[in-house]
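These notes concern the structure reproduced below.
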Amino acid sequence: MQYRWNKSELYFKYLLSYIYRNPNYRFTIASLLKQYDLSHPKSHIEKYSLNEIECDFQLKKEYFYDCLQLVSEDVILKCQNIYCEFEDVNYFKQDFKMPKRFFTVKELMRMLDDVIENINNPDIARIYRDLSYPQKHTFNIQKGIKNSRGELSISGMTIYDCLFHKNYINILREYNAQDFVTLTHETMHAIFNGLLYENGISYEDQLLFTELEGYFGSLVASEYLDEIGYHQDARISRASILDSILFLSLALIIGDIIFSSSNDQIDISKAIKNAELILPQDRFIDFRQDYESYMIFPAFDIIIDIIDYASALELTTRPMNTTIKSIIDIKLHNNNDLEESLKRHNISSLNDNFAILKKEFTRIK
């Protein structure tokens, strides 16, 4: 059985978008159709495409600082300090390239079954069974050319159809073990989208902890790979994630420098001078040629991504049933209160300056 979306179903939903006069829904379905045909694999990430369209300085600035009032200045500073204070950023200049692994789609799904079984939670197992039933056409696993921004690459995504409450998971394969990590990551998003819906929580209202379950999926997938003998693959996968977190911390710094260096236009020369004063000399980055790479992610999203990764790292050191209960509670009851949610589950990243990242680095090395 091929895990591919039902194209006729998508065409039908596209027609419905005209009947309901819903251009936003039409945009979502059109994006799925483009991804199905690989005409634009990254076509649903328009939120992160502000640099690709004509926008004035003020709009770009507002976009970068949007929602930042939901986190304290102390949290922002601690996320910026990750890059400035990390002990060995040069380690991540190496090419983390995974060996080829030609897992069949059937093998990937069987491995995913094992991970879900190991999690051993009835709600997660129930929702997963519904998602993974091939005739549901939830998964679209295909070979594809990945698009990338900065140090981050898009290897998969989960798009939620809010009208029919259905998840569409797209996996762009590179034929290595990362395909399995991505599959698990995206499946966790779909499972928790289902949990949110069952608990009457709007998908659109989720602002905090949006990547918590995804990073949990990535980490349990890498642990599974290690357990079945793919030790190098697991290490590279974890190193790549930590590398992306360092990039995000740097992007938080550089984006803020760019927008605070001028009030009416992007002044890269001035921003470079300011960066030389702020960044440690041994890790200064000359971003003249690629400064837009550091501006495409809103600062708020960067912060949440960093905290979600650190939180997932810390939670996965605990017994699995405790980990899952904490993630479910955080997702369903965070009430857009970041620090209180972390405190309630004894997640210490903000109190110990992300010490868990240093522990992860020691494990990887």
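Which of these values of Rg and Dmax of the Cα atoms in Å was calculated from the structure shown: [x] 25.4, 76; [y] 20.4, 59; [z] 24.1, 105? Computed from these coordinates, Rg and Dmax of the Cα atoms in Å corresponds to label [y].
Net charge near residue 353, counting Lys/Arg +1 and Asp/Glu -1 over other residues with Cβ under 10 Å of its Cβ?
Here the count lands on 0.
Note on exposure: 359, 270 ranked by accessible area (1.4 Å probe, complete protein assembly) read 359, 270, with the most exposed listed first. Residue 343 exposes around 150 Å² of accessible area when a 1.4 Å probe is run over every protein chain in place. Rounded to the nearest 20 debye, the dipole magnitude of region 190-259 is 200 debye, with +1 charges on Lys and Arg beta carbons, -1 on Asp and Glu beta carbons, and the Cα centre as origin. Across every direction, the projection of the convex hull enclosing the Cα atoms of region 301-343 has a mean area of 2.9 nm². The residues of the chain present an accessible area of 47 Å² per residue when probed at 1.4 Å with all protein chains retained.
Using heavy atoms of the protein chains and a probe of 1.4 Å, the accessible area assigned to residue 185 is about 30 Å².
Placing 13, 325 in order of accessible area, with the largest value first and a 1.4 Å probe, yields 325, 13. In the chain, taking the dipole from charged Cβ atoms about the Cα centre, the farthest positive-side position among 225, 285, 201 is held by 225.
For region 217-354, the convex hull spanned by the alpha carbon atoms encloses 145 Å³ per residue.
For region 255-365, how many pairs of lysine residues have a Cα-Cα distance under 29 Å, where the two are 8 or more positions apart or belong to different chains?
8
When the Gaussian network model of the chain links Cα atoms closer than 10 Å, the mean-square fluctuations of 86, 216, 192 top out at 86.
The values are calculated or read from the model by the stated rules, or taken from the named source; none is laboratory data. The structure displayed is predicted, hence computed values, not measured ones. A quick note on method: Cβ atoms are made from the backbone with ideal geometry, for glycine too, and the neighbour counts reach across all protein chains shown. Note: accessible area is taken over every heavy atom of the protein model, side chains too, but ligands, DNA and RNA are not part of it. Shrake-Rupley method; radii C 1.70, N 1.55, O 1.52, S 1.80 Å.
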